[in-house]
Amino acid sequence: MTSQKSRSMKAVQITQNHSIRLIETDIPAIKADEVLVKPCSCGICGTDLHILRHGFPGTNYPVIPGHEFAGHIVEIGRDVTGLKEGDFVAVDPNVTCGTCRWCKIGRPNLCETLTPIGVGRPGAAADYVATPARNSFTVNENLGGDVAAMIEPLACVLHAIERSQGVTGKDVLVFGGGTMGLLTAIVSALRGADRVVLADPAPGKRTIAEAVGVPETTSPADLGRESFDVVFEAAGAKPALTQAIDLVQKNGVLVQVGVLDETDTVPFNPFRIYERELRIIGSNSCADRFPEAVDVMSDIAEQVRPLIDDSHLVWDFEAAVSDMAKGLSIKTQLHF
Ligand SMILES: [Zn+2]
Ligand SMILES: [Zn+2]
């Protein structure tokens, strides 16, 4: 596609001083092990808000944002096998080195030089994006771009469930009725949890949760003294975390999925951790769960589709981020 290389493309760029501009730039030149993707759908998440408004660790400003995306391959690098022009792909944005101690022990999300697409290297809020072939996974075209772009957050949820050491046969509580919380509840039910409760203070979020098949919902204020084997904090809210620790059952686990500010601290009761032998663990991004997420998505696509409830043209990136920040929608996506 040499003709394309001579052309330039449009892209959204976030500058160091946190402003957005539309730029005209060269179409990325792909390396031998990369493919060029023309995105069709791209989700917006809290990470984009951080990059835009406060700064986010590892951001290489000025950056083209966009890390939850799907699209079609339009060009193939010299050494790429197993992918071809025209393939429909979802992309794992986490580009790792493959050689550091964390990559070597199978913990790629902790890579010393993790360079996520849309954070540390140019993202999908553009006409084209270069992605390593090993990060690009073919997806059934029938899924549609919107649902395919949800494979990235689903992969993060599968990692969180793996971190919990499994939910099958367990009582599960999820704090937060946003994308991560809803997907966590949906997958926990799919995986055979005995009980799945989603807690969110907003009645609207609980209604959506019920509509997509989450077995039980409640306001956090009504949780009382029940206890759960696995609690996922997916609200990214300090009060939820403090409350969560008191709701974990003996030998249970609290998984921190929500992203709080780097400087946030919360009060908690250390006696509970000792007394009940609790585990409190973090879950950061999607690790190596992307291929599994491609499979799982085909089972839950119809539950996921209604979660995509806000859409903007990619060039209206700023409006999309402020919509997302208001918290009125579940998943805001960019379209092309
Ligand atoms: Zn994201
Ligand atoms: Zn590494």
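The values are calculated or read from the model by the stated rules, or taken from the named source; none is laboratory data. Treat the numbers as computed from the prediction; the structure is a model and nothing was measured. As a convention, Cβ positions derive from the backbone with ideal geometry for all residues, glycine included, and neighbour counts pool all protein chains shown.
ALA124 - would you say it is under 17 Å from the mean Cα position of the chain (by Cα), part of a helix (DSSP H, G or I) and either away from ligand 1 (no atom under 16 Å from the Cβ) or of a type in the set (Gly, Ala, Ser) (or both)? No; evaluated as a whole, the condition is false for this residue. In a residue-by-residue description of the stretch 16-27, the property of being surrounded by 12 or more Cβ atoms within 10 Å (Cβ to Cβ) and on the phi > 0 side of the Ramachandran plot applies to at least one position. When the criteria are applied in full, ALA149 fails the requirement of being surrounded by 24 or more Cβ atoms within 10 Å (Cβ to Cβ), among the aliphatic types (A, V, I, L, M), away from ligand 2 (no atom under 16 Å from the Cβ) and more than 20 Å from VAL212 (Cβ to Cβ). Pairing each residue of the stretch 101-115 that is within 19 Å of PRO57 (Cβ to Cβ) and assigned to a helix (DSSP H, G or I) with any residue that is hydroxyl-bearing (Ser, Thr, Tyr) and more than 8 Å from ligand 2 (Cβ to nearest atom), provided the two are 6+ apart or on different chains, yields C-beta distances under 8 Å for ASN109/SER285. Taking the residues in the stretch 58-100 that are without any contact (Cβ under 8 Å) to a residue 24 or more places away in the chain and more than 26 Å from ASP295 (Cβ to Cβ) as candidates, determine which candidate is nearest to ligand 1 (Cβ to nearest atom). Per the criteria, the residue is CYS97.
Residue by residue, here is whether (1) within 16 Å of ligand 2 (Cβ to nearest atom); (2) touching a strand residue (DSSP E or B) at 6+ places or on another chain (Cβ under 8 Å); (3) farther than 20 Å from ASN284 by Cβ; (4) at pLDDT below 95 holds:
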| site | (1), (2), (3), (4) |
| --- | --- |
| SER136 | no, yes, yes, no |
| LEU154 | no, no, no, no |
| ALA160 | no, yes, no, no |
| GLY181 | no, yes, no, no |
| VAL197 | no, yes, yes, no |
| ASP200 | no, yes, yes, no |
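GLY169 satisfies every condition listed in (1) of a type outside the set (Asp, Glu); (2) within 22 Å of the chain's Cα centre (by Cα); (3) on the phi > 0 side of the Ramachandran plot except (2).
Tally the residues that are of a type outside the set (Val, Ile, Thr) and either under 22 Å from MET150 (Cα atoms) or surrounded by 23 or more Cβ atoms within 10 Å (Cβ to Cβ) (or both), restricting the search to the stretch 59-96.
Quick first cut of the stretch 59-96, residues of a type outside the set (Val, Ile, Thr) only: 60-62, 65-72, 75, 77-79, 82-88, 90, 92-94.
Now narrow it down to the ones that are either under 22 Å from MET150 (Cα atoms) or surrounded by 23 or more Cβ atoms within 10 Å (Cβ to Cβ) (or both): 65-72, 83, 86-88, 90, 92-94.
The total comes to 16.
Of all positions in the stretch 188-207, at least one carries a residue that is of a type in the set (Lys, Arg), outside the structural domain of ILE330 (by TED's automatic domain parsing), in contact (Cβ under 8 Å) with a residue 12 or more places away in the chain and within 29 Å of PRO270 (Cβ to Cβ).
Somewhere in the stretch 97-109, is a residue on the phi < 0 side of the Ramachandran plot and more than 16 Å from ligand 2 (Cβ to nearest atom)? The answer is no; no qualifying residue exists. Among residues of the stretch 150-168 that are among the aliphatic types (A, V, I, L, M), those with a beta-carbon under 6 Å from a residue that is assigned to a loop (DSSP other than H, G, I, E, B) and within 16 Å of ligand 2 (Cβ to nearest atom) at least six positions away or on a different chain give the pairs ALA155/CYS286.
Every residue, every condition in (1) within 20 Å of the chain's Cα centre (by Cα); (2) outside any strand (DSSP E or B), yes or no:
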| position | (1), (2) |
| --- | --- |
| THR207 | no, yes |
| VAL214 | yes, yes |
| GLU226 | no, yes |
| PHE232 | yes, no |
| GLY236 | yes, yes |
| ALA244 | no, yes |
| LYS250 | no, no |
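Go through the stretch 290-310 residue by residue and tally those that are surrounded by 15 or more Cβ atoms within 10 Å (Cβ to Cβ) and touching a residue at least 40 places away in the same chain (Cβ under 8 Å). Walk me through how you get there before you give the answer.
Going residue by residue through the stretch 290-310, those that are surrounded by 15 or more Cβ atoms within 10 Å (Cβ to Cβ) are 290, 292-294, 296-297, 300-301, 303-305, 307-308, 310.
From what is left, the residues that are touching a residue at least 40 places away in the same chain (Cβ under 8 Å) are 290, 292-294, 296-297, 300-301, 303-305, 307-308.
Going through the stretch 290-310 one residue at a time, the tally reaches 13.
Going through (1) outside the structural domain of GLU34 (by TED's automatic domain parsing); (2) of a type outside the set (S, T, N, Q); (3) more than 18 Å from the chain's Cα centre (by Cα) one by one, PHE175 falls short only on (3). Determine, yes or no, whether ILE117 is away from ligand 2 (no atom under 16 Å from the Cβ) and not small (Gly, Ala, Ser). It is false that ILE117 is away from ligand 2 (no atom under 16 Å from the Cβ) and not small (Gly, Ala, Ser). The set of residues in the stretch 44-82 that are assigned to a loop (DSSP other than H, G, I, E, B) and acidic (Asp, Glu) contains only ASP79. PRO108 passes every criterion in (1) under 20 Å from VAL259 (Cα atoms); (2) touching a Gly at 6+ places or on another chain (Cβ under 9 Å); (3) surrounded by fewer than 19 Cβ atoms within 10 Å (Cβ to Cβ) apart from (3).
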